[in-house]
């Protein structure tokens, strides 16, 4: 069990990272914030006895997806000067409400304190993740192959004109 | 054996992408067509193929026993037919890249993705486990995003982006529901979840999961008010892809999945029943009204699609055998006649270079086959006897009447009138009347589009006449599912 | 005293809901297409956490892990495709503003 | 015999009919022989099927509705008769409709003519064989279409007549549809062979509706008025085939079925006098009209109506003798009336006109036609020993047993029939040859052969009446109903025969007197035509003032005018309120779709929240 002080703290950090990701004015910082969120999530996963999922989260989400975002940001040219300032101002106006809303929702949830009845099923006999992944959920593996194929086709179609700059990011 | 419906296309796809590009470029279309036609033939002539248990080595290889019933068979047939039509339209409307030998040949990739989407849909139909369902939903969806954007027009990107965002939100909802259901059942197979739900039907977790699942599927199916992406995606997609999307993709990922989940997992409570009826009726009416005001050919068809999905959900909402059978039947019919209409839209768009109905007129004179088949399709959509659409609408309306939802039944009839109205207006603006200026040298589309158009029209007529056979063979067995 | 399982669950769900609110806010009110995608990612993070929580509480962590792995693979593909679409839209509109995506309407 | 063989007489003509449409206009001759071949095959099948008993049930739809056919003595008999007429008239058509004949319209659409011909045959076979009321109705209604098609390919003016025929038959068929619906409801089954309804209020009503359908098909009054018009407009073989033969067979067949099988018509029921009165009125009024006609074909067509009266009268007596007489008269009528129409066709083709005033003295030029005409005319007038005499005597017997008034009416009809045929024969074949007909020749063999065969059958069925009565007609009623009687041989009552002969002699005397008075054969009936009191009635009738169709049209027009007025008002309401509202809604919906992702997403999220609240709250 992971019932110690780290559990709520990590969750709180996750939320903070998320809010920062959304609120920050700089798009690049936002992408990095996302990576940070992923990393915290990976930590949580590690602590929930899900090391394989944690590794995946850390390497793929915090790593690969951030790369994708940063490449996308660098491929598009940012606004400059007065336009950028105007945008930032309107962004602040729009996003200043986010922490307030989060606080209100949190308050409401805390006040209501909804008691969800849990009818838990019996524990699983199978605990080895590789066993499950390879033996039980083989159809999902086929699905993964298919979706990776789809991703390859998609990247080829969508980035065809810029195959040299972007083609390599997709595994 | 049905797992072959996924494995064989996968192997075919892998083989197609082996290095012999020139050969494969030419082969791809035929491979796709053969896959579709084989699937259709198997459903019609050898349904036992799907119903029998997997052979030993396949079973050992995949450890997966899909549950196939008559509902799935109908879907396999619809997927195969629409898939074949879409592939043929691909051949017609999507041009090869300037450098035909290279790997980045657009048509080749599009055909690959269409096969992928079809495989994904087969998987959706086959799945007997919520997470596998999600995986295949995503495969279909991702293939669709790419396909919509494949021609890289401005509108195409816009439509694809809207579809992507809405669909991703839907996916998140479905996943959250899956997580909550896993919390209750500890497992994700339909059977176990059903048992778990039956054990605790009123637990808040289950209800929240049901609500999110249903909403996610509403978004995927494009029901009012979750439909915002649908007209944009349909009208922006390349012609062939609209055929696929409107004909089968949203119907499989949205409506079929909804029906499957309702009858195999969550069952119909009174609240859910009323919700489905209300959403169905709203989609039906709003879709029809919106279609009435369109001047873009494909956009009108898209709204019409929303309206027809409304009928299906309405049929499901009755909760009776007749209603659900009518709903499935309408899904199948809709797959046929809506793809036919989009095939015709492709022909018209390609030949005239516009989709604006106000600029067309009298095209039937120059494109008689297109005009004629589109008349058949729209009569079927509007529910004119003895075409296919009439029967399915009739069954749905009878089911509504039997369950005492007389208001909904009359709304369904009203929407049918609206359908007739907007299609008549379409037919008049596009095909009848005086030939619009500038189209004097218009030619009929070529065989790649006329063959699917005629075939689909024949199917519509054939179903209308052969309704007793269809009803006995495919629809009444659905009774055993409930 | 709350049962540990309930404590785990309600705390987790509390933060998951808040994270979801944040993500949805981002998706709804961002004007930058890339930022909308980032919001989408945050939403997926929330869902991932929910799955992990469900697996952990019920003792089906192995199943949950396989789900998460599959989910991550799919997520990457979706984001790659979405990035392609965003870049394509940007090339046409010379802007990343979501308000330029209003050509299709009515 | 494989019971699926029963499908052949339906499928073969229909398929062949559709194939006939494929012939091009120039291939009229091959089309004609193709059609003759098919009818010959059909005849062979019918002959093979005759006397056999079989039934076929094919499940057709999910609603407990079956496609069932039943072959038994009666249907086999009608099938055979229809096939025989079909073959003979098709043979006749090969010559009559030959493209060389300039005066005949309809040859422009020769392929259509033969297509309708074969389709009609197939539909009649289907209607006769059907054992399910709905299936029968299907074939029965399909006949409407071929009827319409057959008439419309005639003269340029035929469109009006075709519409008239269509509407009259349509109204009658509508009645029949109601009747069938009621019957199915009362009996609880659609299978004809299982329906035996006793007399009752509702079954009487159902009977009347069915009867309307049946007698309208047979052409009784008041559903007759399209026949004389069609006689002028439609291709002549059509007249010989459809109103003279097939529709009589079918209509009387169904009338006999409903009064013997489906319902139990007894002499005590008030339906029996109703039928008899309809029969008498039809006999008298139609023959009165026939008497004054001055056109060969029109005159015949009124007789086609009048003779139906005898059949209805016979069946309406509900006595075995009357029913046997009525059915015997049906087959006799089909024979001599087709023969007469065919002779009319021969005259039309050879002399170029059917206007009696322009004809005359054809006896010498067309001797064979003349002989056939004499035989058929003698038959229809009831001259012994031709077949018409025997069937009429049976009907008289039955009528007299019910009331002498019916008998008197029938006898009067017989008198007028004889008179009108004397007039017709005199005007067309005797007298002075018309000036411009010097070169008229006898008709070609393909036209003569059918006439000769039918005329020979008329004599055969008269002289040896035991053959049709014992083998064709009486088995229909069955031994139980006949109670051991047999009606073959010379009529039982010598008194009645004597009276008949007296009437015929009276008719001849009347004709001779009238002809002498008028100076020619054509005017032989003028003294009746211009008799005080009758004259003005005849005038009005000729102006179609009594035509139920015209009256109906007038009423319909008046109703339409009123309805139009009301309709305007409602229409206005629709126009302003509903259409505008619809378009306002549509415009509103369009405006709501701004294309903004934010809007679409927020709709979805609001929907999500509402639905979650709904479902979670609906605990």
**Q.** Average silhouette area of the protein assembly as shown, convex hull of alpha-carbon atoms, in square nanometres
**A.** 60.5
Q. Ranking D:52, B:162 by Cβ neighbours within 10 Å, fewest first, what do you get?
A. D:52, B:162
Q) For chain B, what is the mean residue ellipticity at 222 nm derived from helices alone (per DSSP H run of n ≥ 4: -39500 (n - 2.57); sum divided by total residues; nearest 500 deg cm²/dmol)? A) -24000 deg cm²/dmol
Q) Which value, to two decimals, describes the C-alpha radius of gyration of segment D:307-364 once divided by 2.2 N^0.38 Å? A) 1.60
Q. Once a ≥ b ≥ c are taken as the square roots of the eigenvalues of the Cα gyration tensor of chain B, is the result rounded (a/c under 1.5), prolate (a/b larger than b/c) or oblate (a/b not larger than b/c)?
A. oblate
Q: Go ahead and set up a Gaussian network model of chain C, Cα springs under 10 Å, then flag whichever of C:66, C:44, C:22 fluctuates most.
A: C:66
Q) With r defined as the distance between the Cβ atoms of residue D:196 and residue D:29 and R0 fixed at 60 Å, what FRET efficiency is calculated, to the nearest 0.05? A) 0.75
Q. Angle between the Cα long axis of helix D:271-291 and the longest principal axis of chain D, 0 to 90 degrees, nearest 10?
A. 60
Q: Between residue B:278 and residue D:185, take the C-beta separation as r, use R0 = 51 Å, and let me know the FRET efficiency to the nearest 0.05.
A: 0.85
(Q) Quick check: the angle from helix D:201-218's long axis to the longest principal axis of chain D, C-alpha only, nearest 10 degrees? (A) 60
Q | Calculated diffusion of segment B:142-256, Stokes-Einstein form, Kirkwood radius summed over Cα pairs, 10 °C and 1.306 mPa s, µm²/s | A | 106
Q.
Please list, by residue number, everything in segment D:564-608 whose backbone N is under 19 Å from a paramagnetic label point 7 Å out along Cα→Cβ of residue B:410.
A. D:570-571, D:573-575, D:577-579, D:581-582
Q | Extension gain (nm, one decimal) between residue D:568 and residue D:160, 0.36 nm per residue minus Cα-Cα | A | 144.0 nm
Q: Whole Å is fine, so just give me how far the alpha carbon centre of segment C:13-71 lies from that of segment B:264-307.
A: 30
Q: Sort segment B:232-306 into rounded, prolate or oblate with this rule: let a ≥ b ≥ c be the square roots of the eigenvalues of the Cα gyration tensor; rounded if a/c is under 1.5, and if a/c is not under 1.5, prolate when a/b is larger than b/c, oblate otherwise.
A: oblate
Q: Take D:583, D:600, B:45 and order them by how many other Cβ atoms sit within 10 Å, fewest up front.
A: B:45, D:583, D:600
Q: For an R0 of 51 angstrom, estimate the FRET efficiency from the Cβ-Cβ distance between residue D:490 and residue D:18 and round to the nearest 0.05.
A: 0.55
Q. Shape of segment C:5-94 from its Cα gyration tensor (a ≥ b ≥ c, root eigenvalues): rounded if a/c is under 1.5, otherwise prolate when a/b > b/c, or oblate?
A. oblate
Q.
Can you tell me the length gained on complete extension of the stretch residue A:136 to residue A:26, counting 0.36 nm per residue apart and subtracting the Cα distance?
A. 35.2 nm
Q: Run the quick spin-label model on residue D:460 and residue C:91: label points 7 Å from Cα toward the beta carbon, then report their separation in nm to one decimal.
A: 9.0
Q. Top mean-square fluctuation among C:12, C:55, C:84, Gaussian network model of chain C, C-alpha springs under 10 Å?
A. C:84
**Q.** Distance (nanometres) between label positions extended 7 Å along Cα→Cβ at residue D:270 and residue A:112
**A.** 7.6
Q: Among B:448, B:391, B:469, rank each residue by its count of other Cβ atoms within 10 Å, from fewest to most, as a rough exposure measure.
A: B:469, B:448, B:391
Q.
Can you compute the label reach from residue B:434? Point 7 Å from Cα along the Cβ direction, backbone N cut-off under 13 Å, restricted to segment B:350-366.
A. B:361-362
Q) How far apart, in nm, are two points set 7 Å out from the Cα along the Cα-to-Cβ line at residue A:97 and at residue D:52? A) 8.6
**Q.** Between helix C:61-93 and chain C: long-axis angle, C-alpha atoms, 0 to 90°, nearest 10
**A.** 10
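The numbers here are math on the coordinates, done by the rules we state, and not lab data. Predicted model only: the values in this text are computed from it and were never measured. A quick note on method: Cβ atoms are made from the backbone with ideal geometry, for glycine too, and the neighbour counts reach across all protein chains shown.
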